[in-house]
Amino acid sequence: MRAAVQTGSDARAAVQTGSDARAAVQTGSDARAAVQTGSDARAAVQTGSDARATLRMRCDAGLARQNPSQARLAGRNAAEAGFTLGHEEFAKLLGTTAEGLPEITREAIDAHDFRMTPLAGSELRAVEDRVRAALNAPLPVSGPSRQPAWEAGWGDILARFAGSRDLADLEPHYFRKPSRTMRVLGRYVRPQSPRFEASFVDVLQTWLAARWLGEATAIYEFGCGPGHNVAAFARLLPERPIVGLDWATPSQELLDLVAESTGYPISGRRFDMFAPDRELVLKPGSAVVTIGAMEQLGERFEAFLGFLLAQAPALCVHVEPLHEMYDASDPFEQAAKRYAERRGYLRGYLPRLEFLAREGRIELLEVRRHLGSEFHDGWGSLVWHPRRKNHHGSSQDDR
Ligand SMILES: C[S@@+](CC[C@H](N)C(=O)[O-])C[C@H]1O[C@@H](n2cnc3c(N)ncnc32)[C@H](O)[C@@H]1O
């Protein structure tokens, strides 16, 4: 089911340096957290030669979790003067090598500005104060009560897109805010471009399409919002039927308009992950995607997980915050962990999948943190597939 990763001829690890002479990323042996991806999609995290904290945290499914302490060390060493995310750095964040990046992903990286400056001194203290203040302030908590807010938000985008029919207008409001501070490789950084996070999403979409979705007979994005990922996957994977599902009704209207404007084979369908529609039958060989959507379920993911297990898609690809991967002993990590808890973000899903993997009911293929915005690491990947029961009642891989 996994798509072959296309590699281009020029497998350079280009490091972009800005005209303001920000230093290029150092990828020396002590700054490197090289990530190898085995043929069985296990991702073992290795550190460089002077790795102070060589740690292999193999979960029961046979894959290692990215170690935040290692990433932090690498980030601190690499980022003393300012740095960027080029091919090498993206490869590490995504769990491959620069050569393993699909051509389309390399092009997307090159097309954007990922330069950044690590925060220090008063700038760092200001961010830490802001994070502390947010943690002590009332924060909106995800869950059923937030449904009207999503209706309203996507309603605004519907009005905008209906007028312009410009796919760029599908972009959610949270990517339109300037990326003032990001969490990258274990530290706060100030991106050069206000569109840093939106640019990261552009790159990620190409990676997901090439790495995981290439062989899917159809793609279902649950919690798809305005459909910007659906439209991107339709562009990257022509002719592929793609369904965008969300509990907010403007989402379906948006997808209808996008289909009408572009001719893409996409459609929308109303779906509540808290109360899955059992009438929906996923196409055999299809892939399920969620991006920042299960995040909103908090600890109430069981109904949706039950739906996925019953439907047995060929692959489930989640890009979500991974609560259990925070290192609670580190203040930088702890702040993000507490923020995610205050917002009621996804929690307990990874251990639940690990349990199912131990039981032989699913296979976990990837668990990986990428990076985060100011308050928490919202960008992580969790990829798995259900194992189908054979007629003797035991589980077997269905691929
Ligand atoms: C942060 S947005 C992510 C949207 C989109 N996937 C993206 O990448 O920008 C969360 C989305 O999940 C949807 N959502 C939240 N809870 C849901 C539920 N119980 N069922 C279906 N959709 C839900 C919201 O309506 C919203 O579109």
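Quick notes
- Cα gyration tensor category, rounded, prolate or oblate, for the range 137-236 with a/c compared to 1.5: rounded
- Net charge of neighbours whose Cβ lies under 12 Å from the Cβ of residue 290, counting Lys and Arg as +1 and Asp and Glu as -1: -4
- In a DSSP loop and with at most 16 other Cβ atoms within 10 Å, the trypsin sites (Lys or Arg not before Pro) in the range 120-182 are 165, 180.
- Global geometry of the range 144-396, whether rounded, prolate or oblate, following the gyration tensor of its Cα atoms and the 1.5 cut on a/c: oblate
- Cα gyration tensor shape of the range 260-399, rounded if a/c is under 1.5, else prolate or oblate by comparing a/b with b/c: oblate
- Residue-count net charge about residue 243 - beta-carbon cut-off 10 Å; Lys, Arg +1, Asp, Glu -1: +1
- Taking every alpha-carbon pair under 8 Å whose residues sit at least 6 apart, the range 167-310 reaches a relative contact order of 21 percent.
- Sequence-separation-based contact order of the range 144-396, relative, with Cα cut under 8 Å and 6+ spacing, percent: 17 percent
FYI, it's all coordinate maths here, none of it is from the lab. All figures in this text were calculated on a predicted structure; none of them were measured in a lab. Counting neighbours? That spans all protein chains shown, and the Cβs are built from the backbone with ideal geometry, glycine included.
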